[in-house]
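Visitor: Have a look at the structure that comes next, please.
Computed from the coordinates by the stated procedures, all read-outs in this text should not be read as laboratory data. None of the values given here were measured: they were computed from a predicted structure. Please note: Cβ atoms are built from the backbone with ideal geometry, for glycine as well, and neighbour counts cover all protein chains shown.
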Amino acid sequence: MPEPLILFLCGDVMPGRGIDQALPYPCDPRIYEPYVQDARHYVELAERANGPIPKPVDFSYIWGDALAELERRAPDVRIINLETAVTRNNEYWRSKGINYRMSPQNLPCLTDAGIDAGTLANNHVLDWGYAGLGETLKALGDINIKVAGAGRDAAQAAAPALLKTRGAERVILFSFGLENSGIPSRWAASEDKPGINLLRELSDATVRRIKKDVERVKRAGDIAVASIHWGGNWGYAIDHEEREFARGLIDQAGIDVIHGHSSHHFKGIEVYREKPILYGCGDFLDDYEGIGGHEEFRNDLVLMYFVGMERRTGKFSDLEMVPMQIKRFRLHRASEPDARWLGERMNRECAKLGTRVELSADNVLTLKWGGR
């Protein structure tokens with residue numbers, strides 16, 4: 001039996017705003033939020049909560065213990081939802097309220113972790129306008145990080161990223177965003193306007209359209225991933241419409257993995273027709289330390305998702321999740337009590353979807369389903 005194809009997936013990676021200020025080449029710290037006008041305030045909040053951050057930090061600093069885990073597991077591809085503009089453009093989206101950006105000169109923080117692709121159909125990639133989006137696309141292209149979900153027109157925004165693996169198989173990455181995640185309707189790309197790959201509705205017609213896009217590129221042995229930015233920031237509930245849409249992508253459109261995100265914490269996981277549906281992967285890197293509210297969700301605790309797929313058949317074989325904790329803008333292996341808390345909370349949510357998790361002696365969560 002050949003070794004499985006391993007995908008590394010995670011939720012929202014937000015190296016903008018406060019994290020950008022801690023990195024070597026930060027943008028102008030001026031921001032235009034209702035209560036905060038200087039991005040360095042988020043550094044101060046994090047330090048107040050958990051201790052000093054050694055500014056400027058090395059590019060690899062933010063990944064902390066995750067780097068050793070990535071090296072040990074050596075996934076075939078590494079995919080993140082990159083939830084920030086990458087630009088020094090100063091023209092921000094004035095009606096937005098929150099505007100995330102990072103300096104292009106700080107992008108080695110992604111290459112140091114070997115990131116292969118970033119999905120961009122989210123509610124922050126256009127925070128600094130169309131010029132900021134153009135700079136984001138160029139900056140990521142210059143360092144060979146592939147993107148999906150945004151582009152200079154609708155065709156480019158809808159085009160998948162094609163990712164090579166160690167074998168003959170490819171990973172085909174599609175990226176979609178929904179307005180209920182906070183994406184302004186005006187951000188939708190069109191034939192003559194840049195923007196993101198915005199889904200107007202989760203309908204059968206949308207599934208059929210995606211099916212055509214998948215059929216144009218997918219060949220035998222390929223793994224097709226649908227990365228979807230949907231839903232609000234807080235709460236474990238999964239809409240019936242979202243569940244039906246995810247199943248439709250598997251039933252009709254040839255999608256093998258659903259990679260959901262937007263919620264600031266994990267959501268339950270379903271296995272449908274031997275395909276994994278990760279409804280919400282939660283945040284993975286952010287600058288929220290020290291910000292009060294929603295403490296019951298423990299969004300300082302995050303997960304690395306390692307999805308195993310059989311080569312040639314594309315059958316889902318296993319999912320292991322490694323708990324991490326964000327402290328001082330850095331990922332640390334979660335303690336045993338914290339990993340147990342994650343496992344208990346995840347079991348509560350997964351039970352609604354017919355799955356469960358087991359916590360191993362090394363504090364890794366393994367998904368169980370069916371008779372497994």
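Visitor: Sorted from largest to smallest, which semi-axis lengths in Å does the alpha carbon gyration tensor of segment 243-362 give for its equivalent ellipsoid, taking the root of 5 times each eigenvalue?
Guide: Numbers: eigenvalues 143, 49, 37 Å².
With the √(5λ) rule applied to segment 243-362, the semi-axes are 27, 16, 14 Å.
Visitor: Also: Segment 154-197: Rg/Rh from Cα coordinates, Kirkwood Rh?
Guide: Working: Rg = 13.5 Å, Rh = 12.0 Å.
In segment 154-197, Rg relative to Rh is 1.13.
Visitor: Stokes-Einstein at 20 °C, 1.002 mPa s, Kirkwood radius from Cα pairs: D for segment 47-130 in µm² s⁻¹? Numbers along the way, then the final one.
Guide: Details: Rh = 14.7 Å.
Estimated via Stokes-Einstein, D reaches 145 µm²/s.
Visitor: Compute the distance in nm between two label points, each set 7 Å from the Cα along the Cα-to-Cβ direction, one at S335 and one at K55.
Guide: For the pair S335/K55, the computed spacing is 2.8 nm.
Visitor: Using the Cα atoms of segment 12-51, I'd like the radius of gyration and the largest Cα-Cα distance, Dmax, both in angstrom.
Guide: 10.2, 27
Visitor: Want the number for E358 to Y25: 0.36 nm per residue separation, take away the alpha-carbon distance, what's left?
Guide: Details: separation 333, 0.36 × 333 = 119.88 nm, distance 4.18 nm.
Result: 115.7 nm gained on full extension.
Visitor: Mind checking the dipole of the chain: about its Cα centre, +1 per Lys or Arg Cβ, -1 per Asp or Glu Cβ, Debye to the nearest 20?
Guide: Values: 48 positive and 54 negative charges, 157 e Å.
Its charge dipole is roughly 760 debye.
Visitor: Okay, next question. Using helices alone, I'd like the mean residue ellipticity at 222 nm for the chain: each DSSP H run of four-plus residues gives -39500 (n - 2.57), total over residue count, nearest 500.
Guide: Numbers: 9 runs with 89 residues, N = 372.
Rounded to the nearest 500, the figure is -7000 deg cm²/dmol.
Visitor: What's the longest piece of the chain with no exposed GluC sites (Glu not before Pro), counting a site as exposed if DSSP puts it in a loop and it has at most 12 other beta carbons within 10 Å? Don't skip to the answer; put the middle values down first.
Guide: Numbers: sites that count: E91, E191, E201.
Longest gap between qualifying sites, sites excluded: 202-372.
Visitor: Hey, rough spin-label estimate for S185 and Q105, points 7 angstrom out along Cα→Cβ, what's it come to in nanometres?
Guide: 4.1 nm
Visitor: Report the calculated FRET efficiency for K327 and V36 (r = Cβ-Cβ distance, R0 = 25 Å), to the nearest 0.05. Working shown, then result.
Guide: Values: r = 21 Å, r/R0 = 0.85.
The computed FRET efficiency comes out at 0.75.
Visitor: Follow-up. Amide H to amide H, which residues 5 or more places from D153 or on other chains are under 5 Å from it, using H placed in the peptide plane?
Guide: G195
Visitor: Once phi is turned into ³J(HN,Hα) by the Karplus curve 6.51 cos²θ - 1.76 cosθ + 1.60 with θ = phi - 60°, what whole-Hz value does each residue of segment 79-89 show in order, with x for glycine and proline?
Guide: Karplus-based 3J(HN,Hα) across segment 79-89 equals 10, 10, 8, 8, 9, 6, 6, 10, 6, 9, 4 Hz.
Visitor: Ok, one more. Return the distance in nm (one decimal) between the two label points of a simple spin-label model at K164 and N90, each offset 7 Å from Cα along Cα→Cβ.
Guide: A separation of 4.2 nm, rounded to one decimal place.
Visitor: Next up: Using the Kirkwood radius over Cα pairs, work out the Stokes-Einstein diffusion coefficient for the chain at 10 °C and 1.306 mPa s, in µm²/s as a whole number.
Guide: Values: Rh = 20.5 Å.
Estimated via Stokes-Einstein, D reaches 78 µm²/s.
Visitor: What residue among I115, L173, T136 has its Cα farthest toward the positive end of the dipole of the chain, where the charges are +1 on Lys, Arg and -1 on Asp, Glu, each on the Cβ?
Guide: Going by the charge dipole, the pick is L173.
Visitor: On the Cα set of segment 72-212, report Rg and Dmax in Å, please.
Guide: Just the Cα atoms of segment 72-212 yield Rg and Dmax of 15.1, 46 Å.
Visitor: Could you tell me which of L9, A46, A189 has its Cα farthest along the dipole of the chain towards the positive end, charges placed at Cβ (Lys, Arg +1; Asp, Glu -1), taken about the Cα centre?
Guide: A189
Visitor: Only four residue types carry charge here, +1 at the Cβ of Lys and Arg and -1 at the Cβ of Asp and Glu. Report the dipole size of segment 310-353 about the Cα centre in Debye, rounded to the nearest 20.
Guide: Values: 11 positive and 7 negative charges, 44 e Å.
Its charge dipole is roughly 200 debye.
Visitor: Still on this structure: Want the number for A131 to E244: 0.36 nm per residue separation, take away the alpha-carbon distance, what's left? Provide the component values of the computation, followed by the final result.
Guide: On the way: separation 113, 0.36 × 113 = 40.68 nm, distance 3.65 nm.
Length gained, A131 through E244: 37.0 nm.
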